[in-house]
Amino acid sequence: MTRWTVSVMLWCAAVVGIAAAAVAAPARPEMVEVKTKSGSLGRLPLVTLDDGAAYVAADRLAGILKGSWSAKGSRGTLTVSRRTAQFTRDQARLTVQGQVLILESPARVTAKGWLIPEDFFAKGLDKLAPGMRGARPMAAAPSKPLVKRVNAPVAFEELRFRSYPSFTRIVVEAGAELSYLVAPGQKEIRVRLSNLAVSGVRLEEIGDGLVREIRLEPTGPDALLKIALEGAAADVRTASLQDPFRVVVDIYRPKETVRGAEPRTTGGAAPLKLVVLDAGHGGHDSGAVGPTGVMEKEVVLDVTRRVARLVEEGLGIKVALTRSTDVFIPLRERTNFANKRRADLFVSIHANAHPRSVSEGVEVYFLSSEATDIEARQTAAIENGVVELENPQSRQKTDMLKSILWDMAQSEFQQESSFLAETVLDSTTRSLRIVNRGVKQAGFYVLGGAAMPAILVEIGFLTNPKEEKKLAAADHREALAKAIYAGLAEYKRRYDQRVRTVQSRPAKSDTAR
Ligand SMILES: [Zn+2]
């Protein structure tokens, strides 16, 4: 269901510093040229996925390198003259000749086969095939601007942003395809969006150490997006994507200022320091309401605070709460809160609702574009429904799922999130002796932007009169909190074990398998 588009452009910090000229999005597909010292081996087309990253097809890469590609389950191996690079589906980590490398983006598998992230050429190719290089060929200077003028005004849909450990993503969503021009600068980056009809000025304060604020305002028939920087940007990448139509601007932090940027999927050798606990709903959004009026927002806040106390006392990990009172917090701000603090885990706590009042038990979810079953999809739809409270004019629910997928920062952490989910669910159902409804996957908006392992725990069904009564009682809430705490403790125990293994492993190994 993901449609690919091909207009991507990037430039390095040096260019940002010098050039003030406007740059147009190229109209033709980007290519990577593979070379040896003696000449070119050929070019491979780049495809841009919905995450904004560029990839090449693994089998075509193997062909150009005169090597072979083989995939089995979630593993794929690129072999060139008996040297191997091993990729894992949805993981940015790979092994080249026994050496572990981390790419900017994970390897992907689509209906058309495996895709290898573009930065493999910079980081891994030389190790796999010594002497070979791959880079985008220098583009010939365009004789005329490539931006095509479309005269009909384009409807503005949404301006949004997210802060990640290594970059800040800004998205302008529109009702039709957008043409744009980028004018880079050291303090401000300007993006002119042709024919985008915005009424008045939209201002969003970001303040994540990289971007101070963004401002979208009308200018003649167009709109101007001004991105005010508070620190130096290492790189800026833009992409025009479809479904929904949007322009994505990613501003990258300089490498040395990125803390904790290594994906946690690698079991990076840092201990767990901070957990963000997120009590669902709040304020004018009461969440699910039981037959006698017990409200989800109140139950989950109480349980969340109990978990926080237990974790801080028992595990020596810091806890930050997205809310500690009865206030409304938009979903997107909840993960932004965790990302800004470089949290190690994100746990969102909710209580469920179901049209059939006999439904009972605890469920733990992690994010996926594919819901495991119809009920999982329904639960996600109910929890996502709050977006409509945030913005009454917001789009249909079907469109909202696209917005979640737009932002699958979580896919990087899917494996770790699923492990966290299993651990918490096992512990909860065992200690409470309640129905184990299983770990499920669904498209939860609140988890979409988390740049760390993230789960959503549904602690029971408020719509079930029996469970509502239990959820209203302090002793059951304490038991739930203890069970979630025990799950986190078990996760930490196994995590620490892995950290010790990583630390005791020699830094380099020559074994290919
Ligand atoms: Zn909820």
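The values are calculated or read from the model by the stated rules, or taken from the named source; none is laboratory data. Small disclaimer: the values here were computed from a predicted structure and weren't measured. Please note: Cβ atoms are built from the backbone with ideal geometry, for glycine as well, and neighbour counts cover all protein chains shown. Side chains included, ligands, DNA and RNA excluded: accessible areas come from the protein's heavy atoms. Shrake-Rupley method; radii C 1.70, N 1.55, O 1.52, S 1.80 Å.
Before moving on, here are some points about what is shown:
- One residue alone among GLY113, GLY98 is surrounded by fewer than 15 Cβ atoms within 10 Å (Cβ to Cβ) and over 21 Å from GLY63 (Cβ atoms), and that residue is GLY98.
- For region 316-326, the condition of being within 16 Å of the ligand (Cβ to nearest atom), open to solvent by 40 Å² or more (accessible area, probe 1.4 Å), outside any strand (DSSP E or B) and over 21 Å from ALA450 (Cα atoms) holds for at least one residue.
- Residue check, PHE337 among the aromatic types (Phe, Trp, Tyr), open to solvent by 20 Å² or more (accessible area, probe 1.4 Å) and either within 26 Å of ALA451 (Cβ to Cβ) or more than 13 Å from the ligand (Cβ to nearest atom) (or both): yes
- Number of positions in region 28-61 that are at pLDDT below 85, over 15 Å from ILE116 (Cβ atoms) and touching a Ser or Thr at 6+ places or on another chain (Cβ under 7 Å): 1
- Count of region 88-100 residues which are under 20 Å from the mean Cα position of the chain (by Cα) and of a type outside the set (D, E, K, R): 4
- THR429 passes every criterion in (1) modelled with pLDDT under 90; (2) not in a helix (DSSP H, G or I) apart from (2).
- Any hit, region 165-182, residues being of a type in the set (Phe, Trp, Tyr) and under 23 Å from ASN336 (Cα atoms): yes
- Some residue of region 472-479 being within 16 Å of the ligand (Cβ to nearest atom) and buried (at least 24 other Cβ atoms within 10 Å of the Cβ): no
- Whenever a residue of region 443-464 is part of a helix (DSSP H, G or I), its partners that are away from the ligand (no atom under 14 Å from the Cβ), lying with C-beta atoms within less than 6 angstrom and at least six residues away or across chains, give the pairs TYR445/ILE404; LEU447/LEU367; LEU447/GLN410; LEU447/ALA454; GLY448/ILE404; GLY448/ASP407.
- Residues being of a type in the set (D, E, K, R) and closer than 26 Å to GLU104 by Cβ - total across region 178-212: 6
- Evaluated against (1) closer than 18 Å to VAL289 by Cα; (2) at pLDDT 75 or above; (3) in contact with a strand residue (DSSP E or B) (Cβ under 6 Å, 6 or more places away or on another chain); (4) open to solvent by 10 Å² or more (accessible area, probe 1.4 Å), LYS469 falls short on exactly one condition, (3).
- Among residues of region 274-310, those that are within 10 Å of the ligand (Cβ to nearest atom), open to solvent by 20 Å² or more (accessible area, probe 1.4 Å) and touching a residue at least 24 places away in the same chain (Cβ under 8 Å), counted: 2
- Residue under evaluation GLU256, criteria (1) crowded, with 16+ Cβ neighbours inside 10 Å; (2) modelled with pLDDT under 95; (3) not in a loop (DSSP other than H, G, I, E, B), criterion not met: (1)
- When PRO106 is tested against (1) modelled with pLDDT under 75; (2) open to solvent by less than 20 Å² (accessible area, probe 1.4 Å), just one condition goes unmet, and that condition is (1).
- Test result for ALA451, open to solvent by less than 20 Å² (accessible area, probe 1.4 Å), away from the ligand (no atom under 16 Å from the Cβ) and modelled with pLDDT of 90 or more: no
- For region 340-349, a tally of residues being open to solvent by less than 50 Å² (accessible area, probe 1.4 Å) and among the basic types (Lys, Arg) returns 1.
- Test: residue in region 366-376 that is at pLDDT 65 or above, acidic (Asp, Glu) and farther than 26 Å from LEU94 by Cβ: yes
- Qualifying residue in region 389-405 (condition: within 22 Å of the chain's Cα centre (by Cα) and modelled with pLDDT of 80 or more): no
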